[in-house]
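Structure record follows, encoded as structure tokens.
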Amino acid sequence: MRVGRGVVLLPLVLLAACTAGPSVRPGIVVNDGGDQAGPTSSAAPGPAPLPQLNPPNAGRSIWGPCSPEVLEGITATPGIELTCGKVTGTLDSPYAPGRGGVRLQVLRAGSGPIPLVVVNEVDGLPGTRYAAQLAARMPPELLAKFSLVGLDRRGTGNSDPIRCVPEEVRFGLLDADPRALDLEGLVDQARTAGQQCSIALETRLPAIDTWRTAGDVESLRISLGMDKLHAIGHGEGSRVLSVFAERYPDRVGRMVLDGAPDPNEDAVVALEGVAAGADATFAAFADDCAKRACELGANARQALTEVLDRAASSPLATDDIDLTPGLVLRAVQLGLADRANWPALATALADARSGNPTRLAAAVTPLVLESEEVPATFDATLVTRCNDTKSRLSTEALTAASKDWNTRYPLFGALTAEWLAVCSPWPVPSHPVPSATARTAPPIVLLATATDPVTPHTATEHAAQQLATAVLISWQGAGHGALGHSPCATEAAQAFLLNGTTPRDGTVCPP
């Protein structure tokens with residue numbers, strides 16, 4: 001039995017059913033990259049035409065059998081072949097620009113002739129697993145043309161791992177009650193985490209960010225022999241593809257971004273939308289639960305409060321971890337992301353209320369605990385997010401935001417505000433993620449979900465407003481991401497990817 005003590009961090013035709021609608025070690029963090037600008041298009045300003053679907057260039061294939069480590073957690077889908085490979089990206093530390101290498105794990109789901117790269121969020125499933133899951137939800141017509149190629153981002157999954165936060169510090173950051181609003185304690189733990197990551201990673205530390213992950217995607221494009229990158233981004237993975245489009249606009253193929261984070265450089269603005277979206281999604285879950293007469297009864301929120309109070313009084317013990325309020329809330333937020341899993345989430349909460357927290361614990365175990373093969377997902381998330389943002393708040397401002405959000409978004413407000421504190425001890429990066437406009441890229445389709453606990457509708461809408469060639473489709477549903485969940489949005493994405501049919505900007509899909 002393991003008990004962690006500390007505070008939690010927050011941190012898955014067209015238009016019959018659709019309508020148009022309105023040593024020398026670096027400092028803890030130094031995010032370079034501004035001097036590493038990639039090639040730019042020589043085309044005149046304005047969007048490029050949507051490129052054709054050309055097959056890969058002939059050459060040596062990177063594909064072979066998948067190892068058991070890569071296949072762990074992946075359920076085989078009849079008719080979808082899985083093959084694996086490795087790609088070498090450029091580490092590109094600011095202390096050795098354009099030098100060093102990083103090994104990246106990739107997986108191909110399906111045998112369609114055109115590779116369709118899938119980039120998931122850094123704190124979600126490894127990209128290989130997410131691509132396999134997404135392939136199982138995609139229409140057969142799409143898989144006849146495309147094979148989905150999942151990438152484990154640098155520091156995640158079976159790519160070169162990031163292991164830098166000591167376990168006790170990780171628990172200190174992740175397992176206490178966010179409702180206690182102990183921001184000073186959280187900042188102290190975050191400072192220790194940053195110092196340990198600086199020691200463990202040395203010059204690799206500032207090379208873990210979205211700018212360089214976009215470079216990894218370019219390395220993958222070259223390895224696949226593609227003249228253009230055709231790709232799907234999910235959640236925060238959409239930011240990687242937006243930055244790719246900014247760096248390499250003449251190499252952009254057909255791209256679909258399924259939920260995108262708010263590009264606002266002010267983290268307070270961007271994260272407040274996440275808090276609001278998470279609370280709204282739980283309300284939708286509670287309504288659904290009541291309509292189904294689920295095991296939580298008519299008041300799912302009261303049931304969650306009971307579980308949180310019980311965990312605050314005495315952590316809910318399992319064989320691997322003990323659930324405290326912070327870990328309970330994180331598990332619930334993860335469960336809210338996939339609408340199809342809401343019945344399972346209700347069961348997990350009911351079990352925890354009855355004294356059996358095993359199902360809830362399974363959701364957050366990968367966040368907190370590492371294995372010999374796979375790192376805890378928190379470490380790469382911490383380094384990437386803090387390298388990507390320049391927002392740093394004083395303790396007074398952190399406390400004010402946390403109190404305000406805890407009042408206005410009483411379930412997930414304080415949890416979300418903790419991300420404002422976690423990066424506060426880290427130096428402001430000199431080159432945070434650039435504002436991606438991709439003015440000369442072809443049309444890019446963005447899918448927004450009305451009630452999303454991770455990338456709220458307003459965030460994706462703001463991302464679409466910033467990308468010059470964006471086309472926005474809004475699904476009036478709930479959960480994290482519309483692709484494979486909304487028939488209307490999925491058909492629109494399929495028509496775009498397969499036939500080059502660009503949907504009408506402002507299209508609205510029913511729930």
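List of remarks:
- The set of residues in region 166-199 that are assigned to a helix (DSSP H, G or I), under 21 Å from LEU316 (Cα atoms) and among the acidic types (Asp, Glu) comprises GLU167, GLU168.
- Only listed residue being under 24 Å from ALA340 (Cα atoms) and either buried (at least 18 other Cβ atoms within 10 Å of the Cβ) or acidic (Asp, Glu) (or both), chosen from ALA436, ALA478: ALA478
- HIS462 vs. criteria within 13 Å of LEU257 (Cβ to Cβ), open to solvent by 10 Å² or more (accessible area, probe 1.4 Å) and not small (Gly, Ala, Ser): yes
- Unmet requirement for ALA284, which otherwise passes all of (1) closer than 27 Å to PRO94 by Cα; (2) open to solvent by less than 50 Å² (accessible area, probe 1.4 Å); (3) more than 19 Å from the chain's Cα centre (by Cα): (1)
- The conditions of being open to solvent by less than 10 Å² (accessible area, probe 1.4 Å) and modelled with pLDDT under 95 are met by VAL422.
- Failed condition for ALA417, given (1) crowded, with 24+ Cβ neighbours inside 10 Å; (2) closer than 27 Å to ALA340 by Cα; (3) of a type in the set (A, V, I, L, M, F, W, C): (2)
- Residue in region 476-495 that is of a type in the set (Asp, Glu) and farther than 20 Å from PHE244 by Cα present: yes
- When each of PRO503, PRO429 is tested for being at pLDDT 95 or above and either buried (at least 20 other Cβ atoms within 10 Å of the Cβ) or closer than 30 Å to LEU205 by Cα (or both), the lone residue that passes is PRO503.
- Which listed residue, of LEU296, LEU304, LEU308, LEU329, is at pLDDT 95 or above, surrounded by 19 or more Cβ atoms within 10 Å (Cβ to Cβ) and part of a loop (DSSP other than H, G, I, E, B): LEU296
- Looking at SER402, SER354, SER391, just one residue is surrounded by fewer than 22 Cβ atoms within 10 Å (Cβ to Cβ), of a type in the set (Gly, Ala, Ser) and touching a helix residue (DSSP H, G or I) at 6+ places or on another chain (Cβ under 6 Å), and that residue is SER391.
- Among the residues of region 203-259, those that are closer than 23 Å to GLU461 by Cα, in a helix (DSSP H, G or I) and of a type in the set (A, V, I, L, M, F, W, C) comprise TRP211, ALA214, VAL240, LEU241, VAL243, PHE244, ALA245.
- Any hit, region 309-330, residues being of a type outside the set (A, V, I, L, M, F, W, C) and within 22 Å of GLY481 (Cβ to Cβ): yes
- Within region 219-253, considering residues that are in contact with a Gly (Cβ under 8 Å, 6 or more places away or on another chain), open to solvent by less than 10 Å² (accessible area, probe 1.4 Å) and not aliphatic (A, V, I, L, M), the one farthest from SER159 (Cα to Cα): HIS230
The values are calculated or read from the model by the stated rules, or taken from the named source; none is laboratory data. If you're wondering where the values come from, they're calculated on a predicted model, not measured in any experiment. Reconstructed Cβ throughout: ideal geometry from the backbone, glycine too, with neighbour counts over all protein chains shown. Accessible surface is based on the protein model in full, side chains and every heavy atom, while ligands, DNA and RNA are left aside. Shrake-Rupley method; radii C 1.70, N 1.55, O 1.52, S 1.80 Å.
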